[in-house]
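Q: Please read through the structure below; I'll follow up with questions.
Where a number appears in this text, it was derived from the coordinates with a stated rule and is not lab data. Bear in mind the structure is a predicted one, so any value in this text is a computation, not a measurement. Every residue, glycine as well, gets a Cβ built from its backbone with ideal geometry; the counts of neighbours run over all protein chains shown.
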C-alpha cells in the first residue's frame, strides 16, 4: 500500500514568488491536513480538507491557501513568499470519519526562500 | 484552548537504560492524545494513541504511555533504549477524534549513547 506522497521534495524560491506543493494521500483516505515545521515554531497546523471542503484552518495569513480535488489529492499554495516561509511542509492523510485515528504523514516538501 | 508541553527539548540516555519523555496537556475536556516519532529527513510516524479505552497504552517498538488525568500527563516510556530509538518525539493532542488537526508539543530529541 503506497504511503503519502509529497512533491516536490525540495525546492528553492526567492522572496515574492509563489509556490505550489502537492500531496497524494493513501488510497481511501479522504482527509488531508497540512502542517508547517520550523525549528523555531515547531509543527503548526495549516489546514485540513475533507471531501474537497476545508474543515479546519490554522492561524496563518491568507497567503497560505489550499484545495482538494475529487480524487482526494491536495495542493497548497503560498503566494508572495517571505524568508520566514522557509520550512518543511508536511502533508498527512487519514480516514477522519472513522473515529480517532492516526495521521499518516508524507516525508515533506522542504522549501527554502532566499 | 488546547496546548501541549514537552519537558526537555533534549534527553540523553545510555543504550539499555529507561527512556522517559514527558508530556503535559492542557484541555478543558478529555482529549485524544498521541505520540509521534520523526527520524531525520522523514515524516512523522504514530507510536501510540490514547482514546479513553485504557489509561495504559502500548505502542510500537516497545513504547508505552500512561494517561493520568489528575496530572494532565501522558508520558512516554520504554524500558530499554536501543540505538535505533534516537529520533525526535512529539506529543500531540486533539479534542475531537474526527479531525486532522492536532496540536503538537515542541518535540524532544532523544539521544542514545552506546
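Q: (1) within 11 Å of another protein chain (Cβ to nearest Cβ); (2) crowded, with 19+ Cβ neighbours inside 10 Å; (3) on the phi < 0 side of the Ramachandran plot: which one isn't true of residue A:111, the others all being true?
A: Every listed condition holds for residue A:111 apart from (1).
Q: Can you say whether residue B:30 is more than 18 Å from residue B:112 (Cα to Cα), assigned to a loop (DSSP other than H, G, I, E, B) and touching a residue at least 24 places away in the same chain (Cβ under 8 Å), as far as the supplied structure shows?
A: Values: more than 18 Å from residue B:112 (Cα to Cα): yes; assigned to a loop (DSSP other than H, G, I, E, B): yes; touching a residue at least 24 places away in the same chain (Cβ under 8 Å): yes.
Taking the combined requirement at face value, the residue satisfies it.
Q: Then there is this: Considering only residues of region A:49-74 that are within 12 Å of the chain's Cα centre (by Cα) and in contact (Cβ under 8 Å) with a residue 24 or more places away in the chain, which is nearest to the other protein chains (Cβ to nearest Cβ)?
A: A:49
Q: Looking at this structure, is residue B:37 in a strand (DSSP E or B), away from chain A (no Cβ under 11 Å) and within 11 Å of the chain's Cα centre (by Cα)?
A: No.
Q: Oh, and also: Considering (1) buried (at least 19 other Cβ atoms within 10 Å of the Cβ); (2) free of Cβ contacts under 8 Å to residues at least 12 places away in the same chain, say which one residue B:36 fails and leave the rest.
A: Result: residue B:36 fails condition (2) only.
Q: Please specify each residue of region B:46-104 satisfying the condition of being over 26 Å from residue A:91 (Cβ atoms), surrounded by fewer than 17 Cβ atoms within 10 Å (Cβ to Cβ) and within 14 Å of chain A (Cβ to nearest Cβ).
A: B:52, B:53, B:54
Q: In this structure, is residue A:81 surrounded by 12 or more Cβ atoms within 10 Å (Cβ to Cβ) and either more than 10 Å from chain B (Cβ to nearest Cβ) or part of a loop (DSSP other than H, G, I, E, B) (or both)? Steps first, answer last, please.
A: Numbers: surrounded by 12 or more Cβ atoms within 10 Å (Cβ to Cβ): yes; either more than 10 Å from chain B (Cβ to nearest Cβ) or part of a loop (DSSP other than H, G, I, E, B) (or both): yes.
Judged against the criteria, residue A:81 is a match.
Q: Sticking with this structure for a sec: Looking only at region A:1-48, how many residues end up being away from chain B (no Cβ under 14 Å), surrounded by fewer than 18 Cβ atoms within 10 Å (Cβ to Cβ), in a strand (DSSP E or B) and within 15 Å of the chain's Cα centre (by Cα)?
A: Residues meeting the conditions: 3.
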